[in-house]
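The values are calculated or read from the model by the stated rules, or taken from the named source; none is laboratory data. Please read these numbers as outputs of a predicted model, since none were measured by experiment. Ideal geometry is used to build each Cβ from the backbone, glycine not excepted, and the neighbour counts take in all protein chains shown.
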Amino acid sequence: MKKGIKLITIVELLIIASSLISFSFFINLQIAFLSSLFIILGSSYAYRKMINTQVASDMVEEKRDILDEIEDPHELYEEDSINYAPVEELDLKAIVKEEKKKIKTFSLESMKQGAKGSSSLFRLVPYLFLVLGFVALKNNELLDIAIYLPSLLVGIVVGSLSAKELFSVEK
């Protein structure tokens, strides 16, 4: 955890030192860096929280290997096939019910889960900060795209490296 915070602190000190160059350079760098950093950290935290919730509520589903998906997309060669049983022993109603359970439908529950993940405050607030920061720079005639856009990349890189460190699962 300390490496992620140290990285953010070092980069932030370098940004503060850039105020010696010019105020316009500093403010563009600072707002773009913080915007992208907050977006990456907020999204990473929200994703981790969503995964932990799904694991806690046993909503995790077994996924097949990607090669199995390619070779047998419709699960025709599954090992637990019922085709080997005699016709008299097959319970067709139970088989149909079991197959219906496997079919994923668009339900209110799945829509609620998707909306919950995408509308998390940890994701929305950083985007609001990005938009408001951009508008504030533009309205005050301080926006310099040549500084602002590369600074977004700096925030993305630092945010990604810090998120891996800060939100990694302890074993």
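General observations
- Residue identified as modelled with pLDDT under 70 and under 22 Å from the mean Cα position of the chain (by Cα) among Met50, Met111: Met111
- Flag if Ser151 is touching a helix residue (DSSP H, G or I) at 6+ places or on another chain (Cβ under 6 Å) and at pLDDT 80 or above: yes
- Counted residues, the stretch 127-171 - those being without any contact (Cβ under 8 Å) to a residue 12 or more places away in the chain and small (Gly, Ala, Ser): 2
- Residue match in the stretch 153-165 (condition: more than 22 Å from Arg48 (Cα to Cα), over 26 Å from the mean Cα position of the chain (by Cα) and not β-branched (Val, Ile, Thr)): no
- Check on Phe23, in contact with a Gly (Cβ under 7 Å, 6 or more places away or on another chain) and either aromatic (Phe, Trp, Tyr) or at pLDDT below 80 (or both): no
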